[in-house]
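Read the structure below first, then the notes.
The values are calculated or read from the model by the stated rules, or taken from the named source; none is laboratory data. These figures come from a predicted structure and were not determined experimentally. No Cβ is skipped: glycine too gets one built from the backbone with ideal geometry, and neighbour counts run over all protein chains shown.
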Amino acid sequence: MLRVEHLSKIYQAHNGEVEALSDISFEVQEGEYIGVVGPSGSGKSTLLSIIAGLLQPSGGELYINETKLSGITEDIGYMLQSDSLLEWRTILKNVLFGLEIRKTLTPENAEYAEHLLNNYGLYEFKDKYPSQLSGGMRQRVALIRTLAIRPKLLLLDEAFSALDYQTRLALTDDVYQILKRENMTTIMVTHDIPESISMSDRIIVLSNRPATIKRTLKIEFPEEVKTPLQRRNNPKFGQYFNEIWRDLDVHL
Amino acid sequence: MSTYNGISEARAAYLRKIKQRKTYVAVTQFTILIGLVVLWEVLARLKVIDAFIMSQPSRIVDTFVSMISNNLLMHIGVTALETIIGFLLGTIIGTLVAVILWWSDFISRVMEPFLVVLNSLPKIALGPVIIVWVGAGSQAIIVVALAISMVVTILEMLNGFINTDSEIIKMATTFGASRSQIFTKIVFPSNICTLFNSLKVNIGLSLVGVIAGEFLVSKAGLGYLIVYGGQVFQMDLVMCSVIILAVVAYLMYQGVAMLERYANRLMNL
Ligand SMILES: Nc1ncnc2c1ncn2[C@@H]1O[C@H](COP(=O)(O)OP(=O)(O)OP(=O)(O)O)[C@@H](O)[C@H]1O
Ligand SMILES: [Mg+2]
């Protein structure tokens, strides 16, 4: 559903050029969960920003269902590390924010947003304000805000890394189920290798800057292993970890 | 006290302590004020200080009483009105200019040195120019007040706008928000606090402008009374006007503070 072809990005800055991405090509299938890992500063956020249309690539092309992408499109939802909830809006109004911006706040869409809140255990908080919610709940509200616009492709940039470890484990389990249930196609950027193994169908490992694709790894667990937590307890988990660790080739 | 039901002993003691402390502060403030007034009166009666030059509380009260039947309310009204118009116009125009400067990085860069100069220039110096341009009267006084509060508002508001959380703006951008949506839905609501801070500062600045303006041109207002009192060597009138001025300034500040609490409650801040 998404095809990335020979993508490159060179930043122009005062003190010279920074080559962030170099010749990145990959494809994502409908319903697939892709993890992207790479050393810090390699260009992971740059990649997502280009897919989301926030940044212009210096070269290469993007296609979504065979239509060429340029700029921000309706089909893509992008969730950032900070939940960026608006403190002066209620939870429901925060969730409706994306629809409001896109001028697609129809009664059906509003109902869909409420339905999402209901499904993910936040309905009773809909008239509360963000400051009354815990970090994990806020992050879920931010996710629902992104899902409410019914994206075909979801981009997550370190979406859980601002949370403490326990909340994060519980939330990834939750989010994984939400996304599978909605059959969402997802690209998740993280520097947390275990997190990407626990959630992804496929992991793209990026090299140091300028980022190239070092390797693509298919993640397969036995049928009975369903949730991220169960994956973490499976023996294959450690094997995948070691493989990716070797590829990343981290030096201090 | 049914509201105290369900509150632990320690909690109740803690709340009591906070309340007690507040009372102590208020009582001390009141005592200092009364003490100073009494001291002033006593020193004047004992002729330690010259009441003709320093005035004296009892004479100020006498002046106040005689002025009430002598257009005092009109003078207060004139000053208050000029101040309110000046600071509202200064805040509104200043905020609008800040919006334009936020909108266009180019205009903002072009204007920067001019704003810096305007900001450090004492606007009172423009008084005579303003009088010549708009005529000697209330309009000149309002323009002086406006000029003083406007430039500060532009700088304050622009600074607030520019420092809006960039992550939130990025979030809105991912939904394809236009510049005007970003402003109305994020930048402006994020800066309600900045706006009220500007309003509070502007009351003071606007009063400075109005009093200075009244010194220059007026035939009415507290500034006029102060200058007049000085000229005819009636210190009681000067002191009385200054005290009334302080009360007016305090009331206006409280008015804005009340408005701010109301706005904050409305926005859940
Ligand atoms: N606007 C910019 N101008 C110039 N250089 C930039 C800009 N944005 C990012 N870079 C540089 O491009 C490189 C890649 O940045 P990017 O944010 O994509 O990395 P990342 O993989 O997301 O890093 P992290 O793991 O720290 O989130 C970095 O070296 C960064 O310094
Ligand atoms: Mg990043």
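Restricted to the stretch B:213-269, and to residues there that are buried (at least 18 other Cβ atoms within 10 Å of the Cβ) and of a type in the set (D, E, K, R), the residue that is nearest to B:P128 (Cα to Cα) is B:E214.
Each row is one residue, and each column tells you yes or no for (1) buried (at least 21 other Cβ atoms within 10 Å of the Cβ); (2) away from ligand 1 (no atom under 16 Å from the Cβ); (3) farther than 20 Å from A:D201 by Cβ; (4) touching a residue at least 24 places away in the same chain (Cβ under 8 Å).
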residue	(1), (2), (3), (4)
A:G16	no, no, yes, no
A:A20	yes, no, yes, yes
A:K68	no, yes, yes, no
A:L80	yes, no, yes, yes
A:N94	yes, yes, yes, yes
A:G98	yes, yes, yes, yes
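Summed over the stretch B:100-129, the residues that are exposed (fewer than 11 other Cβ atoms within 10 Å of the Cβ), of a type outside the set (A, V, I, L, M, F, W, C) and under 25 Å from the mean Cα position of the chain (by Cα) give a count of 2.
Of the residues screened, A:S82 is not one that is closer than 22 Å to B:K170 by Cβ and away from chain B (no Cβ under 12 Å).
Where the second residue is of a type in the set (G, A, S) and in a loop (DSSP other than H, G, I, E, B) and the first is within 14 Å of chain A (Cβ to nearest Cβ) and lies in the stretch B:153-169, which pairs have Cβ atoms under 7 Å and are six or more apart or on separate chains? From the stretch B:153-169, the pairs are B:E167/A:S82; B:E167/A:S84; B:I168/A:S84.
All of A:L69, A:L62 fail the test of being under 19 Å from the mean Cα position of the chain (by Cα), within 14 Å of A:L155 (Cβ to Cβ) and within 14 Å of another protein chain (Cβ to nearest Cβ), apart from A:L69. Being of a type in the set (G, A, S), at pLDDT below 90 and within 16 Å of ligand 1 (Cβ to nearest atom) is a condition met by at least one residue of the stretch A:144-160. The residue list A:G41, A:G35 contains one member that is more than 7 Å from ligand 1 (Cβ to nearest atom) and of a type outside the set (D, E, K, R), which is A:G35. Taking the stretch A:154-178 as the range and being more than 16 Å from ligand 2 (Cβ to nearest atom), acidic (D, E) and in contact (Cβ under 8 Å) with a residue 40 or more places away in the chain as the test, the residues that pass are A:D173, A:D174. For A:E111, the conditions (1) part of a helix (DSSP H, G or I); (2) surrounded by fewer than 16 Cβ atoms within 10 Å (Cβ to Cβ); (3) of a type outside the set (F, W, Y); (4) within 9 Å of ligand 1 (Cβ to nearest atom) are fulfilled apart from (4). Identification of helices (runs of 4 or more DSSP H) wholly contained in the stretch B:19-123 with 2 or more residues that are over 24 Å from B:V242 (Cα atoms) and among the polar types (S, T, N, Q) yields B:72-103, B:105-120.
How many residues are touching a Leu at 6+ places or on another chain (Cβ under 8 Å) and not charged (D, E, K, R) when one looks only at the stretch A:26-57? The total comes to 17. Exactly one residue out of B:R261, B:R265 is within 14 Å of chain A (Cβ to nearest Cβ) and of a type in the set (K, R), and it is B:R265. For the stretch B:18-32, the condition of being surrounded by 13 or more Cβ atoms within 10 Å (Cβ to Cβ) and under 30 Å from B:L225 (Cα atoms) holds for none of the residues.
Let's see how each residue does on (1) among the charged types (D, E, K, R); (2) assigned to a helix (DSSP H, G or I); (3) touching a residue at least 60 places away in the same chain (Cβ under 8 Å):
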residue: B:S198; (1), (2), (3): no, yes, yes
residue: B:I203; (1), (2), (3): no, yes, yes
residue: B:E214; (1), (2), (3): yes, yes, yes
residue: B:V227; (1), (2), (3): no, yes, no
residue: B:C240; (1), (2), (3): no, yes, yes
residue: B:Y250; (1), (2), (3): no, yes, no
residue: B:M258; (1), (2), (3): no, yes, no
residue: B:R265; (1), (2), (3): yes, yes, no
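Considering the stretch A:22-51, and only residues there that are in the same structural domain as A:Q177 (by TED's automatic domain parsing) and in contact with a helix residue (DSSP H, G or I) (Cβ under 8 Å, 6 or more places away or on another chain), the residue that is surrounded by the most Cβ atoms within 10 Å (Cβ to Cβ) turns out to be A:V36. Among the residues of the stretch A:14-49, those identified as farther than 12 Å from A:I213 by Cβ and of a type in the set (D, E) are A:E17, A:E19, A:E30, A:E32.
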